[in-house]
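Enquirer: First, the structure itself, so that you have it in front of you.
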Amino acid sequence: MRTLGAALGAAGLATAGWLVNAPSATAAAACSGSVLVSADYVRLFGGSPVVGSIQLRRDSCHRYWGQIIMYEPMKANTFAIAYIMKYTNGRRSQPISCDAPGGNGRVVEGQTTCRTPKISAKSADIKLVASGHEFQNGGNGWTRISWGQTPKTR
């Protein structure tokens with residue numbers, strides 16, 4: 001059933017104007033990745049220590065993804081998540097998170113990183129942004145306690 005849900009989710013993303021790539025093992029091995037741009041991830045409340053970074057990454061096959069890297073493992077009642085957003089001719093598409101099919105799930109207790117699904121963006125009219133958010137639940141629901149965002153880039 002999870003496979004059906006993942007297929008339907010990916011189909012929904014493709015319908016929304018996203019192309020989520022799941023290349024063959026051979027193609028994946030041929031596409032090396034690198035960091036395109038990185039931004040500090042700064043705590044909103046209680047001062048401004050840097051607690052991690054948000055990165056926009058790209059591989060040699062023109063696929064892009066967002067990745068958040070927390071500098072310490074997440075504690076109980078906290079999570080962090082990365083998003084990637086695509087701008088085509090200045091118009092933003094729906095953000096895609098680590099929780100979407102093809103991502104590896106939000107950063108939870110004991111973990112330090114997550115990544116969004118890879119998306120294809122070959123047109124020069126497309127700009128991309130990665131953002132990351134850290135949340136804490138102190139008993140009254142989830143509150144964002146830090147965030148960061150890369151510049152809009154290609």
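The values are calculated or read from the model by the stated rules, or taken from the named source; none is laboratory data. Since we're looking at a predicted model, the values are computed, not measured. Because the Cβ atoms are built from the backbone with ideal geometry, glycine has one as well, and the counts that use them run over all protein chains shown.
Enquirer: Do you know which residues across region 15-67 are at pLDDT below 80 and exposed (fewer than 11 other Cβ atoms within 10 Å of the Cβ)?
Expert: Within region 15-67, Thr15, Ala16, Ser24, Ala25, Thr26, Ala29, Ser32, Ser34, Phe45, Gly46, Gly47 qualify.
Enquirer: A further question on this structure: Tell me which residues, restricted to region 137-154, are farther than 28 Å from Val37 by Cα and among the aromatic types (Phe, Trp, Tyr).
Expert: Trp142
Enquirer: Which one of Arg115, Arg144 is exposed (fewer than 13 other Cβ atoms within 10 Å of the Cβ), at pLDDT 90 or above and either in contact with an Asp or Glu (Cβ under 8 Å, 6 or more places away or on another chain) or among the basic types (Lys, Arg) (or both)?
Expert: Only one candidate qualifies: Arg144.
Enquirer: Just checking, does region 126-134 include any residue being without any contact (Cβ under 8 Å) to a residue 40 or more places away in the chain and either touching a Gly at 6+ places or on another chain (Cβ under 7 Å) or surrounded by fewer than 14 Cβ atoms within 10 Å (Cβ to Cβ) (or both)?
Expert: no
Enquirer: How about region 100-125: which of its residues are in a strand (DSSP E or B), touching a residue at least 40 places away in the same chain (Cβ under 8 Å) and either of a type outside the set (Ser, Thr, Tyr) or within 26 Å of Glu72 (Cα to Cα) (or both)?
Expert: Pro101, Thr113, Cys114, Arg115, Ile119
Enquirer: Would you mind telling me which numbered condition in (1) buried (at least 18 other Cβ atoms within 10 Å of the Cβ); (2) more than 26 Å from Gly139 (Cβ to Cβ); (3) of a type in the set (S, T, N, Q) Thr78 fails?
Expert: (2)
Enquirer: Continuing with the same structure: Which residue pairs have Cβ atoms closer than 7 Å, lie 6 or more positions apart in sequence or on different chains, and pair a first residue in region 83-99 that is buried (at least 18 other Cβ atoms within 10 Å of the Cβ) with a second residue that is in a loop (DSSP other than H, G, I, E, B) and basic (Lys, Arg)?
Expert: So the pair list comes out as Cys98/Arg106.
Enquirer: Let me ask another. What is the residue count in region 107-122 for residues that are among the basic types (Lys, Arg) and over 10 Å from the mean Cα position of the chain (by Cα)? Full working, then the answer.
Expert: Step one: of region 107-122, the residues among the basic types (Lys, Arg) are 115, 118, 122.
Okay, now just the ones that are also over 10 Å from the mean Cα position of the chain (by Cα), so 122.
Within region 107-122, residues that are among the basic types (Lys, Arg) and over 10 Å from the mean Cα position of the chain (by Cα) number 1.
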